[in-house]
Amino acid sequence: MAKKILVIEDDSNIAELLRLYLERDGFEVLLASDGGKGLSSFEQNAPDIVLLDIMLPVLDGWGVLREIRAQSKVPVIMLTAKGETFDKVSGLEMGADDYVTKPFEAKELLARIHAVMRRYGDSGTASARRLSFDKLEIDMDSFELTVDGKKVEAPPKEMELLFHLASSPNRVYTRNQLLDEVWGFDYFGDSRTVDVHIKRLREKLENVSDKWSLKTVWGVGYKFELTDG
C-alpha cells in the first residue's frame, strides 16, 4: 500500500510540483492550501508523513506543528523560504523531524523524506527495545519516555537520540557520529541539530537522578553517564 504524504503548502505551483515528484516516487499525495485545511486533512486521513510550509494563511506552520504534536508523533518536515538559524531551531525545538529551505532540489527532498521514514519505520519493526535506569524508562516499541514515574512527551527524534546514547553508557559520541548514527548518513543538516535535541532532553531529564546524566564532553560531544550515585 502506498504511503500517504500530506503537503500543506499555499503556493499552488510548488504544491503541484511536489505532487508530481511524490506521486512519481510512489506516494499517495494529499494537498492542503492553508493551515486550517491542513489540520482537517491530517485528522481525517492519518498521513504517514507531513510536508509543512511555515508561511501559511489561516494558521501558520508553527501553529499547525503545535497541533499535530499535541496528538501525534507522525514525522513532519518543515518547508520554508526562510533560511535563518532561528527558524530551523524553532522548528526542531517544536518537534519537527527535518527542515528544508526553498528552493530545494527534488532529489534532496526525496532523500530527506525517505531518511525520515526509514528512521520512523524502523522503530515499528525492530525487536523489543527498552532501557531502564533509576527513575528513567525508555521504551522504543511504544515510543514512551517515563521520568520519575510519569510519562513525558518526547518527539521521535529525541527518543531515538536518548536511546542511542543510553544504549552505550559512558561512551562519548561526537556530534557528527550522532548525526550519522541517529539521523542517518544522508541527513543534510549540521551539528546544531544535535545541540537542539540535547537541550530539549536536558529540560526533561535534569536533576531527576544522581545515578545518571546527559553530559557534555567539551570539544568532543555528548555521553549518557552512569555514576555511583
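The values are calculated or read from the model by the stated rules, or taken from the named source; none is laboratory data. Note that this is a predicted model, so its numbers are computed, not measured. Here the Cβ positions follow ideal geometry from the backbone for every residue, glycine too, while neighbour counts run over all protein chains shown. SASA here: full protein model, heavy atoms, side chains in, ligands and nucleic acids out. Shrake-Rupley method; radii C 1.70, N 1.55, O 1.52, S 1.80 Å.
Figures for the structure shown
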{"quantity": "Complete set of residues in segment 15-59 that are free of Cβ contacts under 8 Å to residues at least 40 places away in the same chain, in contact with a strand residue (DSSP E or B) (Cβ under 9 Å, 6 or more places away or on another chain) and of a type in the set (D, E, K, R)", "calculated": "Glu16, Arg19, Glu23, Glu28, Asp34, Lys37"}
{"quantity": "Which numbered condition Thr80 misses (of (1) among the polar types (S, T, N, Q); (2) open to solvent by less than 20 Å² (accessible area, probe 1.4 Å); (3) modelled with pLDDT of 90 or more)", "calculated": "(3)"}
{"quantity": "Count of residues meeting criterion [assigned to a loop (DSSP other than H, G, I, E, B) and open to solvent by less than 60 Å² (accessible area, probe 1.4 Å)] in segment 142-153", "calculated": "2"}
{"quantity": "Some residue of segment 194-215 being open to solvent by 30 Å² or more (accessible area, probe 1.4 Å), modelled with pLDDT of 85 or more and in contact with a Lys or Arg (Cβ under 6 Å, 6 or more places away or on another chain)", "calculated": "yes"}
{"quantity": "Within segment 154-173, considering residues that are part of a helix (DSSP H, G or I) and among the charged types (D, E, K, R), the one surrounded by the fewest Cβ atoms within 10 Å (Cβ to Cβ)", "calculated": "Glu158"}
{"quantity": "Unique residue being at pLDDT below 90, open to solvent by 60 Å² or more (accessible area, probe 1.4 Å) and among the small types (Gly, Ala, Ser) when the list is Gly189, Gly219", "calculated": "Gly219"}
{"quantity": "Members of segment 199-213 that are under 14 Å from Phe133 (Cβ atoms) and either touching a residue at least 60 places away in the same chain (Cβ under 8 Å) or outside any helix (DSSP H, G or I) (or both)", "calculated": "Leu205, Val208, Ser209, Asp210, Lys211, Trp212, Ser213"}
{"quantity": "So Arg118, is it under 15 Å from the mean Cα position of the chain (by Cα), modelled with pLDDT of 90 or more, among the charged types (D, E, K, R) and surrounded by fewer than 17 Cβ atoms within 10 Å (Cβ to Cβ)", "calculated": "no"}
{"quantity": "Checklist (1) modelled with pLDDT of 90 or more; (2) open to solvent by 10 Å² or more (accessible area, probe 1.4 Å) applied to Gly35, failing item", "calculated": "(2)"}
{"quantity": "Subset of segment 21-32 [farther than 14 Å from Leu109 by Cα and out of contact with any Ser or Thr (no Cβ under 7 Å at 6 or more places or on another chain)]", "calculated": "Gly26, Glu28, Val29, Leu31"}
